[in-house]
2 protein chains.
Amino acid sequence: MPDRLVPHFQEELQQLKTRLLEMGGLAEDRVRSVVQALVDRNPAVVDRVLTGDGPINQLHIEIDSRCFKLLALHQPMAVDLRAIVSAVKINTDLERVGDLAINIAEAVKRYMRHAPVKELIDIPRMAEIAQRMLRDALDAYVRRDTELAHSVLNADDALDSLKTQVFRELLTFMLQTPTTIEPALDLILISRHLERIGDHATNIAEDVIFMVSARDVRHHAREL
Amino acid sequence: MPDRLVPHFQEELQQLKTRLLEMGGLAEDRVRSVVQALVDRNPAVVDRVLTGDGPINQLHIEIDSRCFKLLALHQPMAVDLRAIVSAVKINTDLERVGDLAINIAEAVKRYMRHAPVKELIDIPRMAEIAQRMLRDALDAYVRRDTELAHSVLNADDALDSLKTQVFRELLTFMLQTPTTIEPALDLILISRHLERIGDHATNIAEDVIFMVSARDVRHHAREL
């Protein structure tokens, strides 16, 4: 086959990374938009998030198909093989982050039917941390940077303790003022969705560490 | 290399399938145990689920490593390539189901500190549906049965409407009787975790359809 029909593996892999970063950017944008819409009580933006998953879904399919092509045509080994299988997994994680933006949007829509429960501080902070984790995890993938990947794993604790704090505070509201029960429930669900976005970033970071070092850190903490 | 050092691909693939079924069985058992423990208010079983994720985590790592070996040694093509990449994804989904059993166990533990909110009917039904979906999705993978995979996609609607029903009913309890707020919240979280187990089964079913037909059904419904 002439060379131009089978482009060089490293070039194709570079394109794959670029597409993954693009996908990560889309996922992050959706999370940022929907949480900003919650703070601003802006239903138009919420609707845009609810219906705007076309581009991310298209990229999801495209990236998967690039991965299969790379595996079939180039039959990569060692770190390159792990990089492509990781890309398949990361792609799935990013698509779920896009879906979680929809779950958040649904909760925001319900939330806006009620008076605000409280000034929102912790939830936007959770969103910022989750976005940062996503961005760092993807940077770590592209640069094969295990140190950055480890920093993502650590950031997950901050997210977790914010989630617990949000839960306790909202529970107090619910117990004291029954009219806050419905909207507070939606804020609790939103904080859980944000926690899950952090979980996806964590998964990506673990894949990066495995890809670079072939060392499986996934069940480490729990087994120690 | 002598033949006995590189076993036949189909034989290795068969072993991979057996391990995936085993992993599915473990995941399903954990879900069944923890929901039964909720119904029976049995803290010992809850604790067993909380600490019993060792075997599933070990299998997770083993299956992943089998997949990498198959990809590297045999460089499979077409449906075999898709079968192995699907196995990587399915393995991830099953591991998350195992984790969700822990999330449920944590909620059950909190729930048992309070008087029962109501007789539990819908949550055990959700668990049954989710377990059935998982089992069918894995059978569909092993038998490359797209019809069975499609039936899993359809079952997801039943799970979704049960989740909505549980939510509405518990919300009514919370609004009428503030002492039920805390335990009802945990039941709502449990129903969300069960819904996510159904989502994982759905992911597996979509992978099966893609593996067999190379047709991507994942973003179909939403784009129509």
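Laboratory data are not the source of any read-out in this text; all were calculated from the coordinates shown. Bear in mind that the values here come from a model prediction, so they are computed numbers and not experimental data. Please note: Cβ atoms are built from the backbone with ideal geometry, for glycine as well, and neighbour counts cover all protein chains shown.
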Count of the stretch A:37-59 residues which are among the charged types (D, E, K, R) and within 14 Å of chain B (Cβ to nearest Cβ): 1
Qualifying residue in the stretch A:136-150 (condition: crowded, with 17+ Cβ neighbours inside 10 Å and within 23 Å of B:LEU189 (Cβ to Cβ)): no
Options A:HIS193, A:HIS200: the member that is touching a helix residue (DSSP H, G or I) at 6+ places or on another chain (Cβ under 6 Å), under 30 Å from B:THR177 (Cβ atoms) and touching a residue at least 60 places away in the same chain (Cβ under 8 Å): A:HIS193
Total residues in the stretch A:14-43, condition closer than 17 Å to A:VAL97 by Cα and of a type in the set (Val, Ile, Thr): 3
Filter result (more than 26 Å from the chain's Cα centre (by Cα) and either basic (Lys, Arg) or closer than 15 Å to B:ILE188 by Cα (or both)) within the stretch A:175-196: A:ILE181, A:GLU182
Subset tally (residues that are within 11 Å of B:ARG19 (Cβ to Cβ), at the interface with another protein chain (Cβ under 10 Å from one of its Cβ atoms) and in contact (Cβ under 8 Å) with a residue 40 or more places away in the chain) for the stretch B:65-90: 1
Residues (aliphatic (A, V, I, L, M) and within 11 Å of another protein chain (Cβ to nearest Cβ)) located in the stretch A:169-200: A:LEU170, A:LEU171, A:MET174, A:LEU175, A:ILE181, A:ALA184, A:LEU185, A:ILE188, A:LEU189
Single residue of the stretch B:9-51 satisfying the filter (among the acidic types (Asp, Glu) and under 21 Å from B:GLU62 (Cβ atoms)) that is surrounded by the fewest Cβ atoms within 10 Å (Cβ to Cβ): B:GLU11
Candidates A:GLU62, A:GLU95, A:GLU28, A:GLU22 - the one that is more than 9 Å from chain B (Cβ to nearest Cβ) and closer than 25 Å to B:ILE197 by Cα: A:GLU28
Breaking point among (1) more than 12 Å from every other protein chain (Cβ to nearest Cβ); (2) of a type outside the set (S, T, N, Q); (3) crowded, with 19+ Cβ neighbours inside 10 Å; (4) in a helix (DSSP H, G or I), for B:ARG132: (3)
So A:LEU159, is it in a helix (DSSP H, G or I), more than 10 Å from chain B (Cβ to nearest Cβ) and either on the phi > 0 side of the Ramachandran plot or aliphatic (A, V, I, L, M) (or both): yes
Residue list for the stretch A:75-108, filter: of a type in the set (Gly, Ala, Ser) and either at negative phi or not in a helix (DSSP H, G or I) (or both): A:ALA83, A:SER86, A:ALA87, A:GLY98, A:ALA101, A:ALA105, A:ALA107
Every residue from the stretch A:201-214 that is surrounded by fewer than 24 Cβ atoms within 10 Å (Cβ to Cβ) and either of a type in the set (Phe, Trp, Tyr) or within 11 Å of chain B (Cβ to nearest Cβ) (or both): A:ASN203, A:GLU206, A:PHE210, A:ALA214
Condition broken by B:VAL49, with the remaining ones in (1) touching a residue at least 60 places away in the same chain (Cβ under 8 Å); (2) part of a helix (DSSP H, G or I); (3) within 30 Å of B:ASP186 (Cα to Cα) satisfied: (1)
Residue check for B:ASP186: more than 26 Å from B:LEU20 (Cα to Cα), out of contact with any strand residue (DSSP E or B) (no Cβ under 9 Å at 6 or more places or on another chain) and either touching a residue at least 40 places away in the same chain (Cβ under 8 Å) or in a helix (DSSP H, G or I) (or both): yes
